[in-house]
Amino acid sequence: MKRESHTIDRSHQVDSPAQRHLPLVDLLVDTRAELMELAVASGLKVLTTMLEEDRTTICGPRYQHQAGRQASRTGAVPSEVVLGGRKVAIRRPRVRANGAEVPLPTFQLMASEDPLNRRVVEQMLLGVATRQYARSLEPLPSTMATRGTSKSAVSRRFVAKTAAQLDTWRSAALDALDLVALLIDGVHIGDHCVVVALGIDHTGQKHALGLWDGSTENATVCQSLLADLQSRGLRTDRSLLVILDGSKALHKATTQTFGAAALIHRCHVHKLRNILEHLPEGQRAWVRAIVVRAHRQTDVATARRLLQDLARRLEDRYPSAAASVREGLEETLTVLTLGLSERLRQSLATTNAIESLISRTRHVKRNVTRWRGGQMVLRWTAAAVLEAVKGFRRLKGYKDMPKLVAALRARDQQLGFTSREGVEEVA
């Protein structure tokens, strides 16, 4: 008995419009081509198919009558799309309706210059020079027409993108941030000093707040930065832990802006460094041990006693070191008064968080040999900071942040501060 044939005749079946067909046979290019060239050529063929599908969606199937057709095919024109950090020439299908060009969604997406600008900024921040930008990109077939990789084109795109980033960042509102700590520090770039502010909210998340430039890290520059942050919504009507490196200019600007609301803490690393600089090499080990022991105490009275005893021991032989120990002594113990866990206390005891942020600016500017004005300095610094923000993690010990918030709000009550929330409830 013969077995019946179950061959299915598919000639009458129609594929679903939602199904995308790719010219897979056409993707078989010369096997001797490099893998990247194969991928690029294949990708462009896929793009061509997607563009044609957009046109079919708008105009309907080719060579089929449609009574309600609103658009028509009108051939193809030379165009460009962004591919691998450069512009690549293609033939774009055209659609017209009511005497006007109808945009194809896929082409609008691929022709957008924003991905190209982002690629330029990323390459520059990684240290690629404008003259070497084209060499840093993936290779394309020699027969493919490209542009947008010259030194001048890359420079223009970098300037435009970083300027837009700077304007957007410096105009962002801060009133939605519930900040409990503020770190301020400066970095010297060329003849300019850029002061950067970093905030920490009640969940332990870090926020790059803004920057300001001047010739030195003076009180006027710092005051301008804080005034700008205040105008954008930074609250100055309640207690805020402000962590500084010991700069008198930063200290003065902070007290002028926040007044009694500023709970200032001096960085332990900078303070220890300042003390040791007044001592000969042979005396530094035992002094370092005492200072570190004092800073690790959980009892404020014990830490204060250790530092005061150290100052008395240094008074006769090294009076400058003794004066350095006494200078700002109470401010070095601020975090010890808040009753925090050891891990969170260590995180807030130094300016390491903002030092790490600023170190990123030193990394990205290493290829710049000439700074052409303050605007260029600000653009590069902002680009570096915003790049570092992508890798931000919450502060170590963030689970103990409620204790810090409670300590600050208790201080508000002691000082008689009226919270904004309380005013709104009364109203």
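The values are calculated or read from the model by the stated rules, or taken from the named source; none is laboratory data. What you see is a predicted model; the values in this text were computed from it and never measured. For neighbour counting, all protein chains shown are included, and Cβ atoms are generated from backbone atoms with ideal geometry for every residue, glycine included. Please note that ligands, DNA and RNA were not included when accessible areas were found on the heavy atoms of the full protein model with its side chains. Shrake-Rupley method; radii C 1.70, N 1.55, O 1.52, S 1.80 Å.
Listing for the model above:
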item	result
Some residue of region 317-329 being over 33 Å from the mean Cα position of the chain (by Cα), in a helix (DSSP H, G or I) and closer than 29 Å to His192 by Cα	yes
Whichever residue in region 345-370 is open to solvent by less than 40 Å² (accessible area, probe 1.4 Å) and part of a loop (DSSP other than H, G, I, E, B) and, among such residues, is nearest to Glu387 (Cα to Cα)	Val368
Count of residues meeting criterion [closer than 26 Å to Lys151 by Cα, hydrophobic (A, V, I, L, M, F, W, C) and loosely packed, with under 12 Cβ neighbours inside 10 Å] in region 95-129	0
Region 130-152, residues that are open to solvent by less than 40 Å² (accessible area, probe 1.4 Å) and farther than 17 Å from Ser42 by Cα	Thr130, Tyr133, Leu137, Gly148, Thr149
Breaking point among (1) over 19 Å from the mean Cα position of the chain (by Cα); (2) part of a strand (DSSP E or B), for Val154	(2)
Residue that is nearest to Leu338 (Cα to Cα), among those in region 270-291 that are touching a helix residue (DSSP H, G or I) at 6+ places or on another chain (Cβ under 7 Å) and hydrophobic (A, V, I, L, M, F, W, C)	Val291
Residue in region 212-231 that is at pLDDT 95 or above, aliphatic (A, V, I, L, M) and within 24 Å of Gly391 (Cβ to Cβ) present	no
Matching residues in region 157-206 - criterion: being among the basic types (Lys, Arg) and over 16 Å from the mean Cα position of the chain (by Cα)	Arg157
Selection count where residues are open to solvent by 50 Å² or more (accessible area, probe 1.4 Å), of a type in the set (Val, Ile, Thr) and touching a residue at least 12 places away in the same chain (Cβ under 8 Å), scope region 154-202	1
Count of region 127-151 residues which are at pLDDT below 75 and under 21 Å from the mean Cα position of the chain (by Cα)	1
Residue list for region 75-121, restricted to those being acidic (Asp, Glu) and free of Cβ contacts under 8 Å to residues at least 24 places away in the same chain	Glu101, Asp114
Pick from region 290-344, criterion in contact with an Asp or Glu (Cβ under 6 Å, 6 or more places away or on another chain) and of a type in the set (Gly, Ala, Ser), ranking: most open to solvent (accessible area, probe 1.4 Å)	Ser341
Residue selected from region 248-289 under the condition of a type in the set (Val, Ile, Thr) and within 30 Å of Gly233 (Cβ to Cβ), by the criterion surrounded by the fewest Cβ atoms within 10 Å (Cβ to Cβ)	Thr255
Region 56-96, subset among the aliphatic types (A, V, I, L, M) and in contact with a helix residue (DSSP H, G or I) (Cβ under 8 Å, 6 or more places away or on another chain), residue nearest to Leu137 (Cα to Cα)	Leu83
Scope region 250-278; condition in contact with a strand residue (DSSP E or B) (Cβ under 9 Å, 6 or more places away or on another chain) and not hydroxyl-bearing (Ser, Thr, Tyr); matching residues	Leu250, His251, Ala253, Phe258, Ala261, Ala262, Leu263, Ile264, His265, Arg266, Cys267, His270
Any hit, region 279-293, residues being in contact with a strand residue (DSSP E or B) (Cβ under 7 Å, 6 or more places away or on another chain) and not in a helix (DSSP H, G or I)	no
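Residue-wise test of (1) in contact with a helix residue (DSSP H, G or I) (Cβ under 7 Å, 6 or more places away or on another chain); (2) of a type outside the set (Asp, Glu); (3) within 23 Å of Ala262 (Cα to Cα).
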| site | (1), (2), (3) |
| --- | --- |
| Tyr133 | yes, yes, no |
| Thr143 | no, yes, no |
| Lys161 | yes, yes, no |
| Asp167 | no, no, no |
| Leu174 | yes, yes, yes |
| Ile184 | yes, yes, yes |
| Gly190 | yes, yes, no |
| Ile200 | no, yes, yes |
